[in-house]
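Notes follow the structure.
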Amino acid sequence: MIESLIGSFLLGWETLLGYLAELVLACLVPVFFIAGAIPSFCKMEALFR
């Protein structure tokens, strides 16, 4: 009984970590690249008026 509960908890934890890893790779990494590219292509005076 307790083994199945622990197994379910570990499977849920692995699923959560996998989801978060995919979220970081799919969303956050491109956002950081875009945020870093904006100052390269735009003048700072145009961004902060």
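Each row is one residue, and each column tells you yes or no for (1) in a helix (DSSP H, G or I); (2) among the β-branched types (Val, Ile, Thr); (3) at pLDDT 85 or above.
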site	(1), (2), (3)
Gly12	yes, no, yes
Leu17	yes, no, yes
Leu20	yes, no, yes
Leu25	yes, no, yes
Val31	yes, yes, yes
Ile34	yes, yes, yes
Pro39	yes, no, no
Glu45	yes, no, no
Arg49	no, no, no
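Do the conditions hold for Ala35, that is, is it small (Gly, Ala, Ser) and surrounded by 10 or more Cβ atoms within 10 Å (Cβ to Cβ)?
no
The values are calculated or read from the model by the stated rules, or taken from the named source; none is laboratory data. Computed from a prediction, not measured in an experiment: that's the story for all the values here. Heads up, the Cβs are rebuilt from the backbone with ideal geometry, glycines too, and the neighbour counts pull from every protein chain shown.
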